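What follows is one structure encoded as structure tokens, with my remarks underneath.
All of the numbers you see were taken from the coordinates with simple rules; none came from a lab. None of these values were measured; they are calculated from a predicted model. Because the Cβ atoms are built from the backbone with ideal geometry, glycine has one as well, and the counts that use them run over all protein chains shown.
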Amino acid sequence: MTKKTPLHHPYLVCACLLAACLSLSLAVAAPQENRETANAAGPDPAFWQWAPTPPAGWNSWDCFGATVTEAEVKANAEYLARHLKAYGWEYVVVDIQWYEPQSDGRNGRPYDYPRRPQTHIDEFGRPWPAPGKHPSSADGQGFKPLADYVHGLGLKFGVHLMRGIPRVAVETNTPVLGTSHRAQDIADRRSTCRWNPDMYGVDVGRAGGQEYYDSVFSLLAQWQVDYVKVDDLSRPYHQSEIEALRRSIDRSGRPMVLSTSPGETPLAAGDHVSGQANLWRISDDFWDEWRLLKSQFARLDAWTPWRGDGHFPDADMLPLGRIRARQADGWTRFTPTEQVTMMSLWAIARSPLMMGGHLPANDEFTLSLLTNEEVLAVNRHSRENRQWFRRDDLIAWTASDRRSADRYVALFNAQDAGPFDESLAVWKSPLLNRDAKPRCLPVDIPLAGARKLYLVVADAGDGIFCDHADWLEPLLIDEQEHATRLTERKWTRAAAGWGQIGIDRSISGRPLQVAQKGYEWGIGTHAFSLIEYDLPEGASRFQCQVALDDGGFNQDTEGATVQFLVFTRDPAPPAPAAAVIEIDPAEIGIAGSYAVRDLWRENDLDTFTGIYQTKLAPHASVLLRIRPIASDQ
């Protein structure tokens, strides 16, 4: 009988899991041909057969963060079985901290991690479901009852793990199952996750290290787990632990699809990761922001040499529908046009399709995105998937249908005018990062005649990882020098790149703190963000201080670089006009006449010869099936 023991360890800092914008180094040294195999010189790994097509299913992270409950998992599984199983969606994955009793949603911060973990473990230091969130796990049952329930619906069951061994296991020095070694013998206390406090790394070079991972996957096999997402593996790239996980899965006796997370997985590790895992993340967490979607085009192109059956570059979950189930405004911020573009790119690039929204809340449009059989067929039954061309931000991808001579073509207009017109700013800060001195900068701006106030935090061009930003003690000063707190007014619109904007709290929901000094009031946000206020009559000045909050400042060695800007006119530039994209199907092997079908509209367009062109609005796409017409017809 297993025993669960809640223990403690200091929290490092809350996670900040947004994707970074693509750097120029992404495409360095990537072979141009699509090898469609990572081990061209040898036999395919057996585990590639466990997921010959990109895995498709539901994951709890986007909609519930670390707080998902057994009842919520079952509700999503039931929806999946009823509405999506017939279309090939089959995985139900319980994401992070299912073993953490404190992450129960009561603090209103589902994407935050407790400062002092109380990880439930068994007597061998292995994570165990917290019975408060997963009641069927009590009495030594673990996840077996939930897995049985999911399997009973004809679906497959998956769980999330953090790399390493729980710190509480190290503190209590639990034994390693089947060995004379203990947790302190195998833990690498120097190897910790930058954004999650739960684990120490495992030194698999020490006696007992591999055996610990073997014991974890033996337990997962007993629970009948089909899919394992292992976090904190890819950035930095932990090669020895990835290899240890591969061995443990193979030794467990149960096929388990392996997903490594998060990104960016380095391109230099392409041969290695594709020979160890079924899918691997190519970016940090992907959320519902156009700039993040636009950056995935280049990443998916760069990973083309390592895309093939059973091993897939993973552009991350689909932030569709109600992706923040704990928030009142939790619906996706992608427009319908952008949602179609995302699905088109994921389909033709053969990215795994893991739905991030709370499925029972789906509307008809969201459901239609997940049940278009012709689009899903591109994801599952195409090959030779590659970017055909990129002309500035007009992009074409192509693939062949392995069942016919048809070709698939996806055309994208990724043009945009940028999030704001910097020239309109009435004040802007220098770049603020860890090296900035002083940590806080004063703002004092005249507002005479202004009717609007726009507070913007930009990511300064290095991506939006850990860009926790604070507008501290913001004041509106009137003509009589009377001051009122801006936080007492309601904004007219507001959006942040990650999390929920906080009033008198940081973006992570904690007290505002800069350089270990607390601030009673202010606005906590995260790049990229824009907050708009209507100004009262007589407002003459705006004063505050701006700074990076300690919540992001103390985390990763990357990111946490921002620029603050203030506007009194709408900073959004005019959108670019629609653009015409032309293709010549002869360049992809289709000569003579051809028939074109629009897969999203499920509509046969016409028969064409020579150049084909279409006009697309910014952020729009079209996914086509092109069928050659024999000359004797």
*For the range 432-438, take each phi angle, set θ = phi - 60°, evaluate the Karplus expression 6.51 cos²θ - 1.76 cosθ + 1.60, and give the result in whole Hz per residue in order, putting x for glycine and proline.*
10, 8, 4, 8, 5, 9, x
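With all distinct Cα pairs included, what does the Kirkwood hydrodynamic radius of the range 572-614 come out to in Å, to one decimal, could you say? Don't jump to the answer; show the numbers that get you there.
On the way: mean 1/r = 0.0808 Å⁻¹.
The answer is 12.4 Å.
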*For the chain, calculate the relative contact order in percent as a whole number, restricting contacts to Cα pairs under 8 Å that are 6 or more residues apart.*
15
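For Cα pairs less than 8 Å apart in space and 6+ apart in sequence, what is the mean separation divided by the residue count of the range 200-248, i.e. the relative contact order in percent? Let's see the in-between values first.
Working: 20 pairs, mean separation 27.8, N = 49.
Relative contact order here is 57 percent.
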*Given H placed 1.01 Å from N in the peptide plane, which residues other than close sequence neighbours of residue 191 have an amide H under 5 Å from its amide H?*
201
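Only Lys, Arg, Asp and Glu count, each charged at its Cβ (+1, +1, -1, -1), so figure out the dipole size of the range 422-567 about its Cα centre, rounded to 20 debye. Spell out each step's value before the answer.
Working: 14 positive and 21 negative charges, 20 e Å.
About 100 debye.
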*asked:* Can you bin every Cα-Cα distance in the range 83-221 into 10 Å intervals starting at zero and give me the percent of pairs per bin, rounded to whole numbers?
replied: 12, 38, 33, 14, 3
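For the chain, count the residues as N, evaluate 2.2 N^0.38 Å, and divide the Cα radius of gyration by that value, please. Spell out each step's value before the answer.
Working: Rg = 25.4 Å, N = 633, 2.2 N^0.38 = 25.5 Å.
Dividing the Cα radius of gyration by 2.2 N^0.38 Å gives 0.99.
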_Listed residue pairs exceeding 24 Å between alpha carbons, taken from 85/294; 74/144; 85/615; 452/490; 85/133; 74/229_ = 85/294; 85/615; 85/133
*Overall Cα dimensions of the range 297-445 - principal axes, largest extent first, Å*: 66, 39, 28
*Send over the per residue convex hull volume for the range 54-371, Cα only, as a whole number of Å³.*
122
*Using amide H atoms built 1.01 Å from N in the peptide plane, name the residues 5+ places from residue 91, or on other chains, whose amide H lies under 5 Å from its own.*
56, 57, 58, 156
*Charge tally in the Cβ shell below 11 Å around residue 66, where Lys, Arg are +1 and Asp, Glu are -1, residue 66 excluded*: -2
_With just the Cα atoms defining each centre, how far is the range 174-226 from the range 412-436? Give it in Å._
44
*asked:* At q = 0.15, 0.18, 0.20 Å⁻¹, what log₁₀ I(q)/I(0) does the range 222-368 have when each alpha carbon counts as one equal point scatterer in the Debye sum?
replied: -0.80, -1.06, -1.21
*So which lysines pass the test for residue 517, namely a Cα distance under 23 Å, with those fewer than 8 places away in the same chain ruled out?*
437
_Amide H within-cut-off set for residue 162, under 5 Å, with H built and near neighbours excluded_ = 231
*Could you give the radius of gyration (one decimal) and Dmax (whole number) of the Cα atoms in the range 184-296, in Å?*
14.9, 48
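Suppose we keep just the DSSP beta bridges with both residues in the chain; what percent of those would be antiparallel, to 5? Each step should come with its number before you reach the end.
Working: 90 of 115 bridges.
In the chain, approximately 80 percent of DSSP beta bridges are antiparallel ones.
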*How big is the range 422-567 on each of its three principal axes, counting only the C-alpha atoms and giving the largest first in Å?*
45, 33, 28
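At 0.692 mPa s and 37 °C, plugging the Kirkwood radius over alpha-carbon pairs of the range 389-485 into Stokes-Einstein gives what diffusion coefficient in µm²/s?
On the way: Rh = 18.6 Å.
Using the Kirkwood radius from Cα pairs, D works out to 176 µm²/s.
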*If you wrap a convex hull around the C-alpha atoms of the range 60-130 and split its volume per residue, what is the figure in Å³?*
94
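Quick one: pull the percentage of alpha-carbon pairs in the range 459-539 with a separation above 15 Å.
Roughly 59 percent, rounded to a whole number.
Over the range 54-371, what relative contact order in percent results from Cα pairs under 8 Å that are six or more residues apart? The partial results should precede the final answer.
Numbers: 650 pairs, mean separation 57.6, N = 318.
Relative contact order here is 18 percent.
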